[in-house]
Amino acid sequence: MGWITTFSTWILPLFILLILLIATKKKLPTYELFVEGGKDGINMAFSILPFLLGMFVAITILRSSGALDAFIGLIKPALMFVGIPPEIVPLGIIRPISGTAALSLTAELTQNYGPDSFIGRLAATMQGSTDTTLYVLTVYFGAVGITRMRYALKVGLLTDLVGIIASIVLTKLIFGY
Amino acid sequence: MVNYIWAVMALIGIIYAMFNGTMDEVNEALFTSAQEAVQLSFSLISVLVFWLGMMKIAEEAGILKALNKLFRPIVERLFPELPKDHPAIGYILANLTANMFGLGSAATPIGLKAMEEMKKLNQSNVASRSMITFLALNTSGLTLIPTTVIAIRMQYGSANPTEIVGTTLLASACTTVAAILFDRLFYHLDKTKLHK
């Protein structure tokens, strides 16, 4: 357990150490390069802003109106029928749409059902095994001004579906439910 | 497609609020979410400037090139449209590696730099094949150590917080394979559609 925490606090400083050691050994102007590269970051952040804001507002309207919860309630019976536990349905649907909402749902499920219950383990697996598709596409395409995503969203969402199914099957198999 | 999804999310929300009596919540959410997006974009500036600065040094020092050489056979298969030794490849690999170790704060800036390098290859507002493949891999999120999830499990007193590492790893391996397959499939479907 301890080694993972140590690992995650050490890896970034060690990586920086490695970069600076190699660059200094090669007599590169490290500080000048750092400043030059860093400049790009400012423009990128501003370029992302309108994309992110637009997506955030639309998602929040959908969630705060209660429409998303109603939709989840509507399809729950069908999903239960194919063996998907009803408690996990909201997380499965929100995971690709909103990262912060998914994280708080995972925390909530972990708290309510216990981290070592079936739902607790399943939520952790689902949360950990995929990324927030809509956020990633918005930020990455936004940063470089791509407005036509073509089939990127289709690929991302279908992959998320595979992720949900894989999480359920694997959690059942490995923990023996 | 994204235009429809975006508009439909907002439309459904507003229309549903009319009948559900949640217009107050929607009205409030409009402004708080816009604010949140601005805050998030601004908080990105710090990691973006720091990591793009660091990665510039890494690039000049030849570290990205070394990474590129190591994984060349895989990269050539996954990204057939990227020219050999293109700087985008080094950034793509660095992003995927950072993601694997759960280093989101470093992964995003590096990934955005990869997008910028790929954008240089085709100056247009349309996503290129390489960009889509990259994002498919990126969103499928191959993770070795899901640090945030482990932290949550520790917080709520799990007897063994790391026991989900195995299932997470296997599930994300499934999604990564699925991402590559879907990416290929839709690329070819898209191509035949364009020819018609």
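Counted as qualifying within region B:111-196 are the helices (runs of 4 or more DSSP H) with 3 or more residues that are among the polar types (S, T, N, Q) and touching a residue at least 40 places away in the same chain (Cβ under 8 Å), namely B:129-140.
Summed over region A:164-177, the residues that are without any contact (Cβ under 8 Å) to a residue 40 or more places away in the chain and in contact with a Ser or Thr (Cβ under 9 Å, 6 or more places away or on another chain) give a count of 3. The requirement of being over 23 Å from A:N43 (Cα atoms), within 7 Å of chain B (Cβ to nearest Cβ) and without any contact (Cβ under 8 Å) to a residue 40 or more places away in the chain is not satisfied by A:A123. Considered as a group, the residues in region B:53-71 that are of a type in the set (D, E, K, R) and touching a residue at least 12 places away in the same chain (Cβ under 8 Å) include one that is surrounded by the fewest Cβ atoms within 10 Å (Cβ to Cβ), and that residue is B:K65. Tell me yes or no: at least one residue of region B:32-53 is farther than 30 Å from B:P146 by Cα, of a type in the set (D, E, K, R) and either touching a Cys at 6+ places or on another chain (Cβ under 6 Å) or assigned to a helix (DSSP H, G or I) (or both). So far as region B:32-53 goes, no, none of its residues is farther than 30 Å from B:P146 by Cα, of a type in the set (D, E, K, R) and either touching a Cys at 6+ places or on another chain (Cβ under 6 Å) or assigned to a helix (DSSP H, G or I) (or both). Would you check if there is a residue in region B:32-41 being closer than 22 Å to B:S130 by Cβ and facing another protein chain (nearest Cβ under 9 Å)? No, region B:32-41 contains no residue that is closer than 22 Å to B:S130 by Cβ and facing another protein chain (nearest Cβ under 9 Å).
For A:I93, the conditions (1) in contact with a Leu (Cβ under 8 Å, 6 or more places away or on another chain); (2) outside any helix (DSSP H, G or I); (3) hydrophobic (A, V, I, L, M, F, W, C) are fulfilled apart from (2).
Among the residues making up region B:76-92, those that are part of a helix (DSSP H, G or I), surrounded by 21 or more Cβ atoms within 10 Å (Cβ to Cβ) and of a type outside the set (F, W, Y) are B:A88, B:I89, B:G90, B:I92. Looking across region B:88-103, the residues that are over 18 Å from B:G141 (Cβ atoms) and more than 12 Å from chain A (Cβ to nearest Cβ) come down to B:I89, B:G90. A:I22 falls short of the stated requirement of being surrounded by fewer than 21 Cβ atoms within 10 Å (Cβ to Cβ), in contact (Cβ under 8 Å) with a residue 24 or more places away in the chain and in a helix (DSSP H, G or I). Among the residues of region B:130-153, those identified as more than 8 Å from chain A (Cβ to nearest Cβ) and farther than 24 Å from A:I146 by Cα are B:L142, B:L144, B:A151. Which one of these is in contact (Cβ under 8 Å) with a residue 40 or more places away in the chain and among the hydroxyl-bearing types (S, T, Y): A:T100, A:T138? Step by step, each of A:T100, A:T138 is checked, and only A:T138 is in contact (Cβ under 8 Å) with a residue 40 or more places away in the chain and among the hydroxyl-bearing types (S, T, Y). Tell me yes or no: at least one residue of region A:54-71 is in a helix (DSSP H, G or I), more than 9 Å from chain B (Cβ to nearest Cβ) and at pLDDT below 90. Looking for residues that are in a helix (DSSP H, G or I), more than 9 Å from chain B (Cβ to nearest Cβ) and at pLDDT below 90, one finds at least one in region A:54-71, hence yes.
Conditions (1) outside any loop (DSSP other than H, G, I, E, B); (2) of a type in the set (S, T, Y), marked per residue:
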| position | (1), (2) |
| --- | --- |
| A:A107 | yes, no |
| A:P115 | no, no |
| A:I119 | yes, no |
| A:T138 | yes, yes |
| A:L158 | yes, no |
| A:L161 | yes, no |
| A:T171 | yes, yes |
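Scanning region A:141-163 for residues that are at the interface with chain B (Cβ under 7 Å from one of its Cβ atoms) and without any contact (Cβ under 8 Å) to a residue 12 or more places away in the chain gives A:I146, A:T147, A:R148, A:R150, A:Y151, A:K154, A:V155, A:L158, A:V162.
The values are calculated or read from the model by the stated rules, or taken from the named source; none is laboratory data. Note that the structure is a prediction, hence the values are computed from the model and not measured. For neighbour counting, all protein chains shown are included, and Cβ atoms are generated from backbone atoms with ideal geometry for every residue, glycine included.
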